[in-house]
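Student: Dropping a structure here in structure tokens format, bear with me for questions.
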Amino acid sequence: MINGKKVALIFGIGGQDGSYLAEFLLSKGYVVRGVVRRASFPNTKRIDHLDIYDDKYGKTPASPFYLLYGDLADSTSIRNILEEILPDEVYNLGAQSHVGISFQNPESTMNFNALGPLRILEAIKDLKLKCKYYQASSSEMFGISPPPQNEDTTMLPISPYGIAKLAGYHLTRMYRKAYGIFACNGILFNHESPRRGLNFVTKKITRSIADILVGNREKIVLGNLDAKRDWGFSKEYVQAMWHILQHDKPDDFVVATKETHTVREFLEEAFNIFGLNWKDFVEISDNYKRPAEVPALLGDASKALKTLNWEPKTKFKDLVRLMLAADLKEKMQEKGIAPMGEDKSDEYYLDLGKELAQKLAGQKKEKKVEGLLESLEGLKKEFSAGVIEGIVNQLKNG
Ligand SMILES: NC(=O)c1ccc[n+]([C@@H]2O[C@H](COP(=O)([O-])OP(=O)(O)OC[C@H]3O[C@@H](n4cnc5c(N)ncnc54)[C@H](OP(=O)(O)O)[C@@H]3O)[C@@H](O)[C@H]2O)c1
């Protein structure tokens, strides 16, 4: 505690969830410290707006928020930070969080995602800290277990990511049982937001649509469209993390929306908003297909609702809209299509997007007719000019 305020330490604070969690805890009156790893280029874009505290307080105990350098692969840094900060609550959100990339980088994924939590828990035990510990576990741990999945479902992961997360999950339970640490798992199903990493499929789709509408690109290249996922909103899911640590005893909880959709449905939902057909814009490439893919995730979060009184409000359709609106805003501002610095509603950007989509559809139709006319002109030379002339006239007259 600092001046009667709880101290939270967040590993992975620069990520999607870390940034929302930091904002949420600050709004609850916490003192927040975050761990970032050294990078050659800034990896703190999502939390730069919290730098306001730096000018005023620097890295002093009085500051509500500051960052420290550390790495989940570096036990020394983890121990030093824990000893210095003496947190009341530790949130381990740090991870190599991309399932597909875990097939390409299996060793570092295991190192960060499995040994990372081990290093933190060992340090908490050795230093005899009285803090609570939250482990960011994942629905990928269920792997090929059929849906719906809850806390009692057998875990059969099929990616290095899922296997590493399962090790972190069991370590968390083991340190709870063996050493009495208040250690909890949040088993979170997929959750997205405008801050989602650019190479995750939802963000890739919404960002590419924004790019297509403002004229930056023509196509999206994707892999498997059949994977079914339970997609929630990150900003709400970080609140569940906090609720998990406020429960009177340490436990594990599934956090999900209880709705599942394929990637194809995400595409349909997103393109339909603008009256466009996704098939006109999507190409499939085997490059984006994974060696093994979890077929279907659908979370049953009844325990969280019953025990923590936590329930997601933002469902699939709302999520698609809010992500699209955020990407449209950014791209339209970059292109000077929407005004900078003005606070407009999501509907404003979506409506502007619809106008752009109409123009795009018009251009596409013109191009198609032009193409057809060209081929007919060619055919005219070979076949009866009268018949072709008739078709040409029909096309010209709409
Ligand atoms: N989002 C989901 O759908 C979902 C679902 C279930 C579980 N999870 C888990 O929840 C956590 C948060 O997810 P997210 O969506 O916020 O992921 P994210 O945006 O990828 O954030 C992960 C964070 O971990 C940091 N990190 C990576 N390796 C590190 C290392 N060796 N040392 C210290 N920090 C490291 C990253 O830093 P850099 O910026 O430097 O890379 C980043 O700040 C992750 O553990 C993820 O696996 C996510």
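The values are calculated or read from the model by the stated rules, or taken from the named source; none is laboratory data. Given the structure is predicted, the values throughout are model-derived calculations rather than measurements. Positions of Cβ are generated from backbone atoms using ideal geometry, with glycine treated the same way; all protein chains shown enter the neighbour counts.
Student: Do we have Ser137 as within 12 Å of the ligand (Cβ to nearest atom), crowded, with 21+ Cβ neighbours inside 10 Å, under 24 Å from the mean Cα position of the chain (by Cα) and at pLDDT 95 or above here?
Tutor: Yes; evaluated as a whole, the condition is true for this residue.
Student: Can you confirm whether His49 is within 11 Å of the ligand (Cβ to nearest atom) and surrounded by fewer than 18 Cβ atoms within 10 Å (Cβ to Cβ)?
Tutor: In short, no.
Student: Additional query: So which of Leu68, Leu25 ends up being of a type in the set (A, V, I, L, M), assigned by TED's automatic domain parsing to the domain that holds Ala123, part of a helix (DSSP H, G or I) and more than 10 Å from the ligand (Cβ to nearest atom)? Walk me through it before giving the result.
Tutor: On the way: Leu68 fails: part of a helix (DSSP H, G or I).
After ruling out the rest, the residue left standing is Leu25.
Student: Is it the case, given these coordinates, that Arg195 is surrounded by fewer than 20 Cβ atoms within 10 Å (Cβ to Cβ) and either in the same structural domain as Met332 (by TED's automatic domain parsing) or within 16 Å of the ligand (Cβ to nearest atom) (or both)?
Tutor: Against the criterion (surrounded by fewer than 20 Cβ atoms within 10 Å (Cβ to Cβ) and either in the same structural domain as Met332 (by TED's automatic domain parsing) or within 16 Å of the ligand (Cβ to nearest atom) (or both)), Arg195 qualifies.
Student: Moving on. Looking at the stretch 142-183, which of the residues that are part of a strand (DSSP E or B) and within 20 Å of His247 (Cβ to Cβ) is farthest from the ligand (Cβ to nearest atom)?
Tutor: So the residue we want is Phe182.
Student: Okay, moving on. More than 19 Å from Phe112 (Cβ to Cβ) and polar (S, T, N, Q): which single residue out of Ser63, Ser40, Ser75 fits that description?
Tutor: Ser63
Student: Looking only at the stretch 266-304, which residues are outside any helix (DSSP H, G or I), within 22 Å of Met323 (Cβ to Cβ) and of a type in the set (S, T, N, Q)?
Tutor: Residue satisfying the conditions is Asn277 alone.
Student: Let me ask something else about it. If you scan the stretch 324-351, which residues turn out to be surrounded by fewer than 19 Cβ atoms within 10 Å (Cβ to Cβ) and part of a helix (DSSP H, G or I)?
Tutor: Those that are surrounded by fewer than 19 Cβ atoms within 10 Å (Cβ to Cβ) and part of a helix (DSSP H, G or I): Glu330, Gln333, Glu334, Asp346, Glu347, Tyr348, Leu350, Asp351.
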